[in-house]
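**Student:** Here you go, one structure.
The values are calculated or read from the model by the stated rules, or taken from the named source; none is laboratory data. Since the structure is predicted, the reported quantities are computational estimates derived from the model, not experimental observations. Neighbour counts are summed over all protein chains in view; Cβ atoms, including those assigned to glycine, are modelled from backbone coordinates with ideal geometry. We work out accessible area using only protein heavy atoms, side chains counted, and drop any ligands, DNA or RNA first. Shrake-Rupley method; radii C 1.70, N 1.55, O 1.52, S 1.80 Å.
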Amino acid sequence: MRAAYSGLIALFALCFSSAQAQDAAPRWSLAIHGGAGVIERASLTPEQDAAYRAALQGALDAGSAVLKSGGSALDAVQAAVQVMEDDPLFNAGRGAVFTAAGRNELDAAVMNGSDLTAGSVAGLTTTRHPVAAARAVMERSPHVMLIGPGADAFAASVGLEQVDPAFFFTERRWQGLVKALTEAGQPIPERPAGAPLPGAQAEIAPPLNEKKFGTVGAVALDSQGRLAAATSTGGMTAKRWGRVGDVPIIGAGTYASNPDGCAVSATGDGEYFIRATVARDICARIAGGAATQAAGQAEIADADRLGGKGGVIVMGLDGRPAFAMSTSGMYRGAVSSTDTARVAIYADEP
Ligand code: ASP
C-alpha cells in the first residue's frame, strides 16, 4: 500500500478561506488537525465519518470557547488538544498506538509565539494529558524537553493527573500492533495489565489501517495578536528502542513565532519531518514573505521529496488558517471570530 502510494507525488493543498480574503481579518482564529494519512471515503463508514467530524467539532468548541472569551492562544491550543487526547479516535493520549513492547509512549509539544518559549515531553506513560505536561515543562521548569519516567515524575510533581497506563489502551490500536508485528515477523507482547478483555470495548473506529497517523495538533491566534501551537501523539505503531518522532522536536513538528508571523503543527512520517525541519522552515518562509498556504505547501513538498508523507496546519498573523498535505486525507477543522466552524477529512474537501 505504502509502496504504491509513494509513487503519488501530487500534493493536495487546501485553504479553507479563499472567500474570506475580502472580509475583515478575524480577531481570533483556531485550526486543528487529527492526523493525516491514507484516508479515503471508501475506508470510513458513514458512522465513522460522522464520529470523526463530531470529535473535531468538539475540539474546535473547546478551543474557540477560550478565544471567544478573550483567552490566550496558548490556552486555546491546549484546550483543543486535550479534548483530542481524551478521544480514543485519535493517536494521542487515550487511543495512542502501541510500541513493539506493548506500551503507549506519548510525545507532545507546545510553543508560545509571543515570547518564543517552548516545552516538550517524550515517552510519557502515565500522564493523562501530555500536552499539559509539555506546557508545564515550558512554564514551570528551566528546561525545554523532558523524557521518560523523569518527565512523568515532573508532571506528577506539578499536580498533573496521573493514570494507570491501561487508561490509554484501545482494542483498535492493540489489534493494529498485533497486525504490524505479525507482518514484520516479530513477537507479540502480552496484552497489557489492566486492559479490557478482548471484545469488551465498543469500537467506532475504522478497521485497521495504520497508515492513518492520527496525531493531533492545534494552532491559534488570539485577540491580542499572540500565536501558539501544540501537538500530541502516540508516535508510530510498533516503534522500538525509545523512538521519538517529530512532534516534541521544537522546529520539526511544532513551532510558533510572532516575529515570524506563524504557528505550525505537523503530522506525518516523523523521521522525515525532523530531517526537513518542517515547522521551523515554514516559519522562515513566512518571515521571508511567503503566504501561509504557499509556505506550508512548499515545505510539505520538500518533506515529500525526502520520502515523508503528511500534513501541516499553519496560522498566520492575519488569522487565515492554511492546510497542506501530501496524503489523501487529514482530519482537520477551523473556526474564527468571522467564520463558523468547519471540519473536513478528505484532501479534496473545501
Ligand atoms: N508525526 C508522528 C510521529 O512521527 C506521527 C503522526 O503524525 O501520526 O511520531
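**Student:** Lys/Arg Cβ at +1, Asp/Glu Cβ at -1, dipole of the chain taken about the Cα centre: which of 59, 69, 235 is farthest positive-ward?
**Tutor:** Value: 235.
**Student:** Right, next: Once every DSSP H run of n ≥ 4 in the chain is given -39500 (n - 2.57) and the sum is divided by its residues, what mean residue ellipticity at 222 nm do you get, rounded to the nearest 500 deg cm²/dmol?
**Tutor:** Helix-only estimate at 222 nm: -9500 deg cm²/dmol.
**Student:** Something else now. I'd like to know how the chain sits against the 2.2 N^0.38 Å rule of thumb: what's its Cα Rg over that expected value?
**Tutor:** 0.90
**Student:** Compute the accessible area per residue over region 163-286, keeping the other protein chains in place, probe 1.4 Å, unit Å².
**Tutor:** Solvent-accessible surface per residue comes out at 38 Å².
**Student:** Gaussian network model of the chain, Cα springs within a sub-10 Å range: biggest mean-square fluctuation belongs to which of 54, 109, 200?
**Tutor:** Judging by the Gaussian network model, the answer is 200.
**Student:** For region 43-89, report the accessible area per residue in Å² (1.4 Å probe, heavy atoms, rounded to an integer).
**Tutor:** Each residue of region 43-89 exposes 34 Å² on average to a 1.4 Å probe.
**Student:** Report, by chain and number, residues whose modeled amide H sits under 5 Å from the one on residue 147, excluding near sequence neighbours (fewer than 5 apart, same chain).
**Tutor:** The answer is 122.
**Student:** Okay, next question. Stick to Cα atoms and the Kirkwood definition of Rh, then tell me Rg/Rh for region 248-348.
**Tutor:** 0.95
**Student:** Further question: Please work out how much accessible surface residue 282 shows to a 1.4 Å probe, ignoring ligands, DNA and RNA, in Å² rounded to 10.
**Tutor:** Number for this one is 0 Å².
**Student:** Across 5 Å bins from 0, what is the distribution of all Cα-Cα pair distances for region 150-294, in whole percents?
**Tutor:** Result, from short to long distances: 2, 8, 13, 16, 17, 15, 12, 8, 5, 3, 1 percent.
**Student:** Kirkwood Rh and Cα-based Rg: tell me the resulting Rg over Rh for region 221-281, rounded to two decimals.
**Tutor:** With Rh from the inverse mean 1/r over Cα pairs, Rg/Rh is 1.05.
**Student:** Across the chain, how many lysine pairs, 8 or more apart or on two chains, come within less than 23 Å at their alpha-carbon atoms?
**Tutor:** Summing the qualifying lysine pairs gives 9.
**Student:** Cα-based Rg (one decimal) and Dmax (whole number) for region 65-173, in Å?
**Tutor:** In order Rg, Dmax, the Cα atoms of region 65-173 give 13.8, 44 Å.
**Student:** Solvent-accessible area of residue 179, probe 1.4 Å, all protein chains present, reported in Å² to the nearest ten, please.
**Tutor:** 90
**Student:** Would you mind listing how long region 126-204 runs along its three principal axes, going by Cα atoms, in whole Å with the largest first?
**Tutor:** 43, 27, 22
**Student:** Once each part is reduced to its C-alpha centroid, what is the distance from region 103-144 to region 286-350 in angstrom?
**Tutor:** Using only Cα atoms, the two centres lie 23 Å from each other.
**Student:** For region 160-176, what does the Karplus curve 6.51 cos²θ - 1.76 cosθ + 1.60, with θ = phi - 60°, yield as ³J(HN,Hα) per residue in whole Hz, taken in order and with x for Gly and Pro?
**Tutor:** Those phi angles translate into 6, 4, 9, 10, 5, x, 5, 4, 7, 5, 9, 4, 4, 6, 5, 5, x Hz.
**Student:** Of all the accessible heavy-atom surface of the chain, with the other protein chains kept in place and a 1.4 Å probe, what percent is carbon and sulfur?
**Tutor:** 57
**Student:** Skip the ligands, DNA and RNA, and give the accessible area per residue of region 304-350 with a 1.4 Å probe, whole Å².
**Tutor:** With the other protein chains kept in place, region 304-350 gives 27 Å² per residue.
**Student:** Under the rule of at least 5 residues apart or a separate chain, name every residue whose amide H is placed under 5 Å from the amide H of residue 228.
**Tutor:** It is 113, 220, by chain and number.
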